[in-house]
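S.K.: To start, I am sharing the structure in question, which I have written as structure tokens.
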Amino acid sequence: MSVISQELGGGRAEQFVLSLAGILPYVYEQAWQSVLEGSPVLREALPESRFPLQVVDWRATRTAVQDVRLAERLAREAAAGLGCDGGPSMRATLIRRTDRTWTFAWRYARGLLDRGTGLRLLEEAADAYGVLLRGGTPGRARTRLAAGTPQRPGARLAEPVSG
């Protein structure tokens, strides 16, 4: 898994883009749902109490075209903003690029979480995914979130998206 992180809109949003291999999309969604259910802040921020994952399939498109579409999609989402005027405070998309490879793009309002907390949630979702694949039930999220939680020094695991 590779992770790219970007601060958007003058620090008002965070965006993570991950390259994943061999993901089962519905299990991945269940893993994220378990993280959401274990987090009071996320449950409160998402009115429908569902992790907002959109799954799309781009396998019929050449890799070069996929790369352009991904860049355009990320730019469009960054321009749309989050959490303003009652809009969603989080968006997530899982894009199938080949039979085996996926891109996961997750964006959230900075007032909801900071980058360090976002990285911890990515780790918790990966852990929950592994538990689900083994037939287990993920436990409650380890991260107890508070809006505006200060970022830990050294928590940055990824380079910013250029662009």
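The values are calculated or read from the model by the stated rules, or taken from the named source; none is laboratory data. Since the structure is predicted, the reported quantities are computational estimates derived from the model, not experimental observations. Every residue, glycine among them, receives a Cβ derived from its backbone with ideal geometry; neighbour counts consider all protein chains shown. The accessibility values were calculated without ligands, DNA or RNA, using every heavy atom of the protein model including side chains. Shrake-Rupley method; radii C 1.70, N 1.55, O 1.52, S 1.80 Å.
S.K.: I'd like the full set of residues that are touching a strand residue (DSSP E or B) at 6+ places or on another chain (Cβ under 9 Å), hydroxyl-bearing (Ser, Thr, Tyr) and over 16 Å from LEU20 (Cβ atoms), limited to segment 101-120.
M.R.: Result: TYR108, single match.
S.K.: Given the criteria β-branched (Val, Ile, Thr), farther than 13 Å from ARG91 by Cα and in contact with a helix residue (DSSP H, G or I) (Cβ under 8 Å, 6 or more places away or on another chain), does VAL55 qualify? So that I can check it myself, show each step before the final result.
M.R.: On the way: β-branched (Val, Ile, Thr): yes; farther than 13 Å from ARG91 by Cα: no; in contact with a helix residue (DSSP H, G or I) (Cβ under 8 Å, 6 or more places away or on another chain): yes.
Here the answer is no, as VAL55 does not meet what is asked.
S.K.: Let me ask you something else. Being free of Cβ contacts under 8 Å to residues at least 40 places away in the same chain and among the acidic types (Asp, Glu) is the requirement here; does GLU77 meet it? Even if it seems obvious, please write down each step before you answer.
M.R.: Values: free of Cβ contacts under 8 Å to residues at least 40 places away in the same chain: no; among the acidic types (Asp, Glu): yes.
No, not satisfied.
S.K.: Continuing with this model, one more query. Among the helices (runs of 4 or more DSSP H) confined wholly to segment 1-120, which include 2 or more residues that are open to solvent by less than 60 Å² (accessible area, probe 1.4 Å), within 29 Å of GLY136 (Cβ to Cβ) and at pLDDT below 95?
M.R.: Numbers: elements: 25-37, 40-45, 63-80.
Counting at least 2 such residues, we get 25-37, 40-45.
S.K.: Please count how many residues of segment 134-147 are modelled with pLDDT of 90 or more and surrounded by 12 or more Cβ atoms within 10 Å (Cβ to Cβ).
M.R.: The first filter runs over segment 134-147 and keeps only residues modelled with pLDDT of 90 or more, leaving 134-138.
Adding the requirement that they be surrounded by 12 or more Cβ atoms within 10 Å (Cβ to Cβ) leaves 138.
Here the count works out to 1.
S.K.: State whether one or more residues within segment 114-123 are basic (Lys, Arg) and touching a helix residue (DSSP H, G or I) at 6+ places or on another chain (Cβ under 9 Å). Steps first, please.
M.R.: Taking segment 114-123 as the starting set, the residues that turn out to be basic (Lys, Arg) are 115, 120.
Restricting the remaining residues to those that are touching a helix residue (DSSP H, G or I) at 6+ places or on another chain (Cβ under 9 Å) gives none.
There is no residue in segment 114-123 that is basic (Lys, Arg) and touching a helix residue (DSSP H, G or I) at 6+ places or on another chain (Cβ under 9 Å).
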